[in-house]
Amino acid sequence: MNWMKIVSIIIFILFLLSAGCTSPSAPGEENSGGIATEKKTGGSGEELSTAKTPASRSSDALKEDKERLSDLSRDDDRYYYNIRIVAPSDLENLIKEIHSDEYPVHNENGDLIGIVSPRKLYIRGDLVNLQKDTERTGKTFDKTDVAEHLVDITFGNDNAKLNLFKSNKDYQFWLDAFYTNDDKIFLLELASQLNTLSDTTQFEDEELALGFLKTNYANIPYHYYNIKIIPQKMLDEFKDNRKSDERLIKDSDGKLIGIIGNDHLFLLDSLSSEERQYYMLYGTLYSMGMHGTTYSEKDSFFYQVGETRNTELSVLDKEAIKLLYGGRLKTGIDMEEMKKTLGLKT
């Protein structure tokens, strides 16, 4: 009979185990292969499922899940193109940190309006207003206004005849002393801007000549515009040995801070980044033949009355440069010849 008792006990235990495995789930819970799932009702009446992870699950399995989710997230990113609208000042800061796959975008007036790459686009937020200002400003002067402004900004007290950059080869900016990354970025932007304004002389706008310039080969591919950032002692030495076509640049206190020639510019190394960029633009335009000043166009780069100093070319300045380097005017003409060519009263 003992064996009968043992069999009875085993059957009773099996009955209890069977009843436990098939017992109804508690309300709101479903059994799914050992993983309990809770159903929660959201505010909209939809049922939301959240899985409870068994405590026995290994850390390696959890790590694999996270990696799969990360891969899915990266896969989703491939389908997005990032467009950001930024302030003009932020755009100017971003251009200083531009990467190899990013490119600046300028409008027809040479204004920086954005930065583009294969994955994103930065664009200035005042683009509509910038266009409206350009159109509005452009309607306030005609061809005569442009021609008269050109005469003003071309002929100064130190030049009787026009001296333009050559057009048989492109010009390339050449830095060979104490330059910074900001200097390089600014000059490439300047080259690009000048190319939009000139139909004759063009500038290399993808790379600069840096350091020692090799001249021991027959074919020199560019006309070089040399910019040296040098200490005061060296600047004073260049002053003592300056040529007749060189002009001294002095600050408001009369201190020597630079020297300009037909194909070069020397600047003092203690100038701030902003001052350096202003004088690099000033020196380049001077060497290109713009020696004069305007006393009527207050937004012009060439308006220098009192302490006023504009750091960018105005719309009228740009139109005047287009006229100067449009092919009608030639090196060697004087003011009267220029006026006659442009149809102005002499």
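Annotations for the structure displayed:
- Top-ranked residue of the stretch 221-254 - restricted to ones that are part of a loop (DSSP other than H, G, I, E, B) and either within 33 Å of the chain's Cα centre (by Cα) or at positive phi (or both), ranked as modelled with the highest pLDDT: Pro231
- Scanning the stretch 197-239 for residues that are charged (D, E, K, R) and closer than 23 Å to Arg276 by Cβ yields Glu204, Asp205, Glu206, Glu207, Lys228, Lys233, Asp236, Glu237, Lys239.
- Qualifying residue in the stretch 306-317 (condition: part of a helix (DSSP H, G or I), surrounded by 22 or more Cβ atoms within 10 Å (Cβ to Cβ) and in contact (Cβ under 8 Å) with a residue 40 or more places away in the chain): yes
- Residue match in the stretch 205-212 (condition: among the aromatic types (Phe, Trp, Tyr), surrounded by 20 or more Cβ atoms within 10 Å (Cβ to Cβ) and in contact (Cβ under 8 Å) with a residue 24 or more places away in the chain): no
- Meets criteria (part of a strand (DSSP E or B) and either without any contact (Cβ under 8 Å) to a residue 12 or more places away in the chain or of a type outside the set (A, V, I, L, M) (or both)) for Gly289: no
- With respect to the conditions (1) part of a helix (DSSP H, G or I); (2) over 23 Å from Asp253 (Cα atoms), Tyr282 lacks only one, and its number is (2).
The values are calculated or read from the model by the stated rules, or taken from the named source; none is laboratory data. Just so we're clear, the structure is a prediction, and the values are computed from it rather than from any experiment. Virtual Cβ from ideal backbone geometry, glycine too; neighbours counted across all protein chains shown.
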